[in-house]
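First up is the structure itself, then whatever we jot down about it.
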Amino acid sequence: NMGISVGEAAKLTSTLARVTDGSIETAQNLAASTKEFAKQNGVVPSEAIRDMAENSEKFAEYGANSAIELSKAAVQARKLGVDMGTLGKVTDSLLDFESSITNELELSAMLGKNINLNQARALAYEGKMGDAVKETIKQLGGRDAFNKMDIYQKREAAKTLGITVDELSKMTENMDKLNDDGTFQK
């Protein structure tokens, strides 16, 4: 029913049950709502659900309060052309405060403009992965600014986010599919 293998479905259901109220029914309802949310936003539901199953560790890390946000992030990631693993790398990088601030300052110097990732860090801390990534790309200047960067600036921007240049390129290319607050364009 979810469009994924039995093993993936079992892993996802058990993880969701653990991080919510312990109920299999609640876990299945969350998976079903993710499937519907994906359909509404032009994302292949099985890809979003599979992404959730493959990245169930993120659900366990962020816990029950963020289960719905992480479900939303799975769909947002697909809209951005990446997966939840990539969003997770960005939020993990943002939440490594010491390195993140150092990288932010180095990138600001390299770009010749002030980059401020404080709001992105706050969103990442709240478990709003997609919103944190959107804010980060916004701070970088979006697609046009990314396309104007030289190879060294692109590498430094990707390093700041803990991802590859290819992943950052995909996200900047597709960022117009999300509003500034991380919600979907209609």
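The values are calculated or read from the model by the stated rules, or taken from the named source; none is laboratory data. Model, not experiment: these values are computed from the prediction. Reconstructed Cβ throughout: ideal geometry from the backbone, glycine too, with neighbour counts over all protein chains shown. Surface areas here come from the heavy atoms of the whole protein model, side chains and all, with no ligands, DNA or RNA. Shrake-Rupley method; radii C 1.70, N 1.55, O 1.52, S 1.80 Å.
The residue that is surrounded by the fewest Cβ atoms within 10 Å (Cβ to Cβ), among those in segment 129-150 that are small (Gly, Ala, Ser) and either farther than 22 Å from MET52 by Cβ or in contact with a strand residue (DSSP E or B) (Cβ under 8 Å, 6 or more places away or on another chain) (or both), is GLY142. Only one of the listed residues (LYS39, LYS58, LYS113, LYS72) is part of a helix (DSSP H, G or I) and at pLDDT 85 or above. That residue is LYS39. Among the residues of segment 113-126, those that are open to solvent by 70 Å² or more (accessible area, probe 1.4 Å) and not aromatic (Phe, Trp, Tyr) comprise LYS113, ASN114, ASN118, GLN119, GLU126. Residue pairs whose Cβ atoms lie under 7 Å apart, separated by 6 or more positions or on different chains, with the first residue in segment 27-40 and free of Cβ contacts under 8 Å to residues at least 24 places away in the same chain and at negative phi and the second open to solvent by less than 50 Å² (accessible area, probe 1.4 Å) and aliphatic (A, V, I, L, M), are ALA27/LEU16; ALA27/ALA17.
One residue stands out in segment 159-186 among those that are among the acidic types (Asp, Glu) and under 16 Å from ASP144 (Cβ atoms): the one that is modelled with the lowest pLDDT, namely ASP180.
Taking every residue in segment 77-88 that is assigned to a helix (DSSP H, G or I) and pairing it with any residue that is of a type in the set (Lys, Arg) and surrounded by fewer than 20 Cβ atoms within 10 Å (Cβ to Cβ), at least 6 positions away or on another chain, the pairs with Cβ-Cβ distances below 7 Å are LYS79/LYS177.
Restricting attention to segment 148-172, report how many residues are more than 15 Å from the chain's Cα centre (by Cα) and of a type in the set (A, V, I, L, M, F, W, C). So the count comes out to 4. Inspect all residues belonging to segment 61-68 and state whether any of them is hydroxyl-bearing (Ser, Thr, Tyr), at pLDDT 80 or above and out of contact with any strand residue (DSSP E or B) (no Cβ under 9 Å at 6 or more places or on another chain). Within segment 61-68 (the criterion being hydroxyl-bearing (Ser, Thr, Tyr), at pLDDT 80 or above and out of contact with any strand residue (DSSP E or B) (no Cβ under 9 Å at 6 or more places or on another chain)), the answer is no, since none of the residues qualifies.
Working carefully through the options SER14, SER33, SER46, SER100, find the one that is polar (S, T, N, Q), in a helix (DSSP H, G or I) and open to solvent by less than 20 Å² (accessible area, probe 1.4 Å). When all the criteria are applied, what remains is SER100.
ASP131: more than 14 Å from the chain's Cα centre (by Cα) and more than 20 Å from SER99 (Cα to Cα), yes or no? No: the conditions fail for ASP131.
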